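Sharing a structure, written as structure tokens. Questions coming.
The values are calculated or read from the model by the stated rules, or taken from the named source; none is laboratory data. None of these values were measured; they are calculated from a predicted model. Cβ coordinates were reconstructed from backbone atoms using ideal geometry, including for glycine residues, and neighbour counts include every protein chain displayed. Heavy atoms of the whole protein, side chains included, go into the accessibility calculation; ligands, DNA and RNA do not. Shrake-Rupley method; radii C 1.70, N 1.55, O 1.52, S 1.80 Å.
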Amino acid sequence: MQRTTHSSIRHACQLVCAAALLGGTALAQAQDAQISDDVVRLGVISDLAGPFADITGPGTVTAVQMAIDDFGGKVLGKKIELVTADHQNKADIAASKAREWFDTGKVDALMDVAVSAPALAVLEVAKQKNKVIVFNGPGIDRLTNDLCMPSTVHYVYDTYALANVTASAITQRGGKDWFFLTADYAFGNSLQEEASKVVNANGGKVLGAAKHPIAATDFASFMMTAQQSKAQIIGLANAGADTVNSVKAAREFGLIGPNSKQTLAGLLMYITDVHALGLKTASGLMLTEGFYWDMNDETRAFSKRYFAKMKKMPNMSQAGAYSSTMHYLKAVQAAKTDDTAKVMAQMKSTPINDFFAKNGRIREDGRMVHDMYLFQVKSQSESKYPWDYFKLMATVPGDKAFLPLSQSKCPLVKK
């Protein structure tokens, strides 16, 4: 029989004491934490199968789930769950689902509501229920302007920033006469309005606009009108499949190409749109993004993990969905609660430094301010490997890209 020594007894006691201390600390943290229903439940309401599914939808859901998994699946010892729904691009369906989730589904926060009209509808529900809502997919700037509320965050981009960066750059480069092809709903109309202001402010002129419904199947008549306007720049105030089909129609009508006297500007164009079009068709287009997968080692590392799941590179809304979910979960952990007001206070007081944004911050109006980037789509000869689509033309600091607080109509902003 082995003899037990005093040192081995001491060592065993140290291990037992350390385990007890760790257990006691974890128990104390769990007791201090205040998590409603013992679950942190997140929701995503998106277009999962329609014209905007490629730029939001399943990709956004995947990005949010990646963030939950990377966080460890739990926060403060409580499970993190994700629920999703397809709003079919209908505001009433989105609002009904949000109300159901808040009332009976015990959802603590929405990490995205894609498309502007459904987002506006859900915003009102979240306001009534005092819930956190983070927007990564929709662009309409009213979400953190005149319709702002204490628990709203507009994380990735908005119509003001898109118009401000793209329209000002093109107009200053000599593209003075503009004609808009506009999706006839809240986002498209807002984007045209904001871009028109920028064009006029930079000495340009808006010659007209043609408005089309969501998911239009024939853009021929709209392109004929744009062509007949003789405007130097055709601004595409639309998104998703509508943008892709607009560019294809423009190519057929000769609005794109070496012999064209007109130029297309995609006011909201994602890398997934360029991939769908191909460089032969999209080459030379100017666009504004808040993220590009191939900018540095950090963006590449995240994007390659995302690619392994989705077989395509993430766009800014999908990368933003990951970043904002991590920021929310870190705020819950720091605040030791999922209480809306306390979590929002933590989110607004904590800078955002990750692969998506450096020194990003959430202002009092809920706008997350970060750098935006002006890109030009590469030619086929310039592209060296798969998804090598963009060349950086300009980096615009967040305080220059987004609406200044001095111009905000948000009632939360102190004048």
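Please quote Rg/Rh for the range 292-340 to two decimal places, taking the Kirkwood radius as Rh and restricting both calculations to Cα atoms.
That ratio equals 1.11.
Follow-up question, since we're still on this one. Any idea what angle helix 220-229 forms with the longest principal axis of the chain, computed on alpha-carbon atoms, 0 to 90 degrees, nearest 10?
Long axis of 220-229 versus the principal axis of the chain: about 60 degrees.
Let me ask something else about it. Can you list the residues, at least 5 places off or on another chain, whose amide H is less than 5 Å from the amide H of R367, using H built in the peptide plane?
H154
Stokes-Einstein D for the range 310-395 at 20 °C, 1.002 mPa s, Kirkwood Rh over Cα pairs, in µm²/s?
142 µm²/s
Per residue, how much accessible surface does the range 24-155 expose to a 1.4 Å probe? Answer in Å², no decimals.
I get 36 Å² per residue for the range 24-155.
What's the extension gain from K261 to E364 if we count 0.36 nm per residue and subtract their Cα-Cα distance?
Fully extending the segment from K261 to E364 adds 32.6 nm.
Can you tell me which of K211, K384, K131 moves the most in a GNM of the chain? Springs connect C-alpha atoms under 10 Å apart.
Taking springs between Cα atoms under 10 Å, the residue moving most is K384.
A further question follows. Counting only Cα, what are the radius of gyration and maximum Cα-Cα distance Dmax of the range 264-312, in Å?
Calculated on Cα positions, Rg and Dmax stand at 12.0, 33 Å.
Also: Quickly estimate the mean residue ellipticity at 222 nm for the chain, helices only: each DSSP H run with n ≥ 4 gives -39500 (n - 2.57), and the total goes over all residues, rounded to 500.
-13500 deg cm²/dmol
Per residue, what volume in Å³ does the Cα convex hull of the range 78-214 take up?
Here the figure is 109 Å³ per residue.
Next question, about the same structure. State the percentage of accessible surface on the chain attributable to carbon and sulfur atoms; use a 1.4 Å probe and exclude ligands, DNA and RNA.
So the carbon and sulfur contribution to the accessible surface is 52 percent.
Subtracting the Cα-Cα distance from 0.36 nm times the residue separation, let me have the gained length for E298 to D70 in nm, one decimal.
Working it through step by step, the gained length comes to 80.6 nm.
Net charge near N130, counting Lys/Arg +1 and Asp/Glu -1 over other residues with Cβ under 15 Å of its Cβ?
Once positives and negatives cancel, what remains is +1.
I would also like to ask the following. Give me D for the chain in µm² s⁻¹, whole number, from Stokes-Einstein with Rh from the Kirkwood sum over alpha-carbon pairs, 37 °C and 0.692 mPa s.
146 µm²/s
Can you list the aspartates and glutamates whose alpha carbon sits under 15 Å from that of K261, skipping same-chain ones fewer than 8 residues off?
Here the aspartates and glutamates satisfying the reach criterion relative to K261 are D177, E252.
How long are the semi-axes of the ellipsoid equivalent to the range 264-366, from square roots of 5 times the Cα gyration tensor eigenvalues, in whole Å, largest first?
Ellipsoid half-lengths, sorted descending, are 31, 16, 11 Å.
For a quick check, take a GNM of the chain with Cα springs below 10 Å and name the residue from Q232, Q376, Q128 with the largest mean-square fluctuation.
Q128
Sort the following peptides by mean Cβ neighbour count (other Cβ atoms within 10 Å, averaged over residues), highest first: 93-104, 319-330, 361-372.
319-330, 361-372, 93-104
Okay, moving on. Hey, in the GNM for the chain with a 10 angstrom Cα cutoff, which one of N136, N89, N359 fluctuates hardest?
N359
Expressed as an acute angle from 0 to 90° and rounded to the nearest 10, what is the orientation of the C-alpha long axis of helix 159-172 relative to the principal long axis of the chain?
Roughly 40 degrees between the two axes.
While we're here: So what are the range 178-279's ellipsoid semi-axes, whole angstrom, largest first, if each one is the square root of 5 times an eigenvalue of the alpha-carbon gyration tensor?
Working from the Cα gyration tensor, I get semi-axes of 19, 16, 13 Å.
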